[in-house]
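**Q** First the structure, then my questions, so here it is.
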């Protein structure tokens, strides 16, 4: 930080004179003395030199003294005071165009440090069309800080398109923000660029599969996982389980069921009671009751669990398979299901079955 501040200080009275702006000799000497003292770390001497200098209100000299005092405050860690002084210098209207642009950038840096994001945007927006990497980064951070990631996206995209070898962090930002905004195809496009750079990164493959899953393309997500597997890359069971949970969180139970079924069938995930239960519940949530019933029938036959028999009974009854549902209720009760629950389902099933019989008799008559 100290080296940066020294570099920022170089454009002082000498630079002003080079630009054709004459500075009163006494102020010029004070500015140079203060700069030399600050370079040596003697902030007290720098402050004495600046305090001793006199400048007319509204003059160039006053603006330059504000500027130097601002950099001194910055060096001393007094960012709020530095912002106040540099803003005075900037607003004075006395600095030439080159110096003005430099001070605007430095003031934006300070405001970003202080998380004054609106001020960063206000300072840098006039230069947005010609912004370099640092300025674009600051604008992107500021828009994020303001909770306006959509405004940061075009800036980041512009930078990456103009700089094909931009750091991975730029691509990661584009992936994350597009995903947060549910622009999954765009997020997937940038994720593929990351993957092209690091084709052996299991994390990049998994993130690609997650984006495909979120966009509702379980078939593509499964193909991505298979492709990574064929390259010798391995995922932990927790990572694969999380992809399925992601579908549930995105209210895509059918997609989650298809992905989980595919992973179990292809050996990407080992079968277990917990995963088969999850698969059955996903089919159930997706209103694929026949598929869910097949799973719970197999689970109940193997485990003898009252919970599995009760789930099967409910699924059968929801499909108006009354006798199959009643049979499952008998087995659930024998396995220890709560009698009150079994009785409630049985009474409802019998009343529905009786109603259907009466309808058939009436229609036959």
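The values are calculated or read from the model by the stated rules, or taken from the named source; none is laboratory data. Since the model is a prediction, treat every value here as computed from it, not as a measurement. FYI the Cβ positions are ideal-geometry reconstructions off the backbone, even for glycines, and counts take in every protein chain you see.
Okay, residues lined up against (1) in contact with a helix residue (DSSP H, G or I) (Cβ under 7 Å, 6 or more places away or on another chain); (2) outside any helix (DSSP H, G or I); (3) surrounded by fewer than 18 Cβ atoms within 10 Å (Cβ to Cβ); (4) at pLDDT below 95:
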residue	(1), (2), (3), (4)
276	yes, no, no, no
279	yes, no, no, no
290	no, no, yes, no
294	no, no, yes, no
299	yes, no, no, no
312	yes, no, no, no
323	no, no, yes, yes
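**Q** Does residue 117 meet the test of being touching a helix residue (DSSP H, G or I) at 6+ places or on another chain (Cβ under 8 Å), surrounded by 15 or more Cβ atoms within 10 Å (Cβ to Cβ), farther than 20 Å from residue 71 by Cβ and at pLDDT 95 or above?
**A** In short, yes.
A quick yes/no check of all residues on (1) on the phi > 0 side of the Ramachandran plot; (2) at pLDDT 90 or above; (3) crowded, with 16+ Cβ neighbours inside 10 Å:
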residue	(1), (2), (3)
4	no, no, no
9	no, no, yes
20	yes, no, no
24	no, no, yes
46	no, yes, yes
57	no, yes, no
64	no, yes, yes
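**Q** Shifting gears a bit: Note down all Cβ pairs under 7 Å where the first residue falls in the stretch 20-40 and is touching a residue at least 40 places away in the same chain (Cβ under 8 Å), the second is surrounded by 17 or more Cβ atoms within 10 Å (Cβ to Cβ), and they're at least six residues apart or on different chains.
**A** 21/60; 23/13; 23/16; 23/60; 23/61; 23/64
**Q** Further question: Would you point out which residue out of 118, 97, 108, 122 is without any contact (Cβ under 8 Å) to a residue 12 or more places away in the chain and under 16 Å from residue 143 (Cα atoms)?
**A** None of the others qualify; the one that does is 122.
**Q** Could you list, in sequence order, all residues of the stretch 109-154 that are closer than 21 Å to residue 90 by Cβ and not in a helix (DSSP H, G or I)?
**A** 114, 115, 116, 131, 132
**Q** Could you check the stretch 155-167 and list, in sequence order, the residues that are part of a loop (DSSP other than H, G, I, E, B) and either at pLDDT 90 or above or crowded, with 16+ Cβ neighbours inside 10 Å (or both)?
**A** Listed by number, the residues that qualify are 165, 166, 167.
**Q** If you don't mind, another one. Condition check: within 25 Å of residue 220 (Cβ to Cβ) and either surrounded by 14 or more Cβ atoms within 10 Å (Cβ to Cβ) or under 19 Å from the mean Cα position of the chain (by Cα) (or both). Does residue 135 satisfy that?
**A** In short, no.
Quick grid of which residues meet (1) surrounded by fewer than 22 Cβ atoms within 10 Å (Cβ to Cβ); (2) free of Cβ contacts under 8 Å to residues at least 40 places away in the same chain; (3) in a loop (DSSP other than H, G, I, E, B):
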residue	(1), (2), (3)
207	yes, yes, no
213	no, no, no
223	yes, yes, no
235	yes, yes, yes
245	yes, yes, no
248	yes, yes, no
271	yes, yes, yes
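**Q** Okay, next question. Checking residue 218 against (1) over 17 Å from the mean Cα position of the chain (by Cα); (2) surrounded by fewer than 22 Cβ atoms within 10 Å (Cβ to Cβ); (3) closer than 26 Å to residue 257 by Cβ, which test does it fail?
**A** Result: residue 218 passes all but (2).
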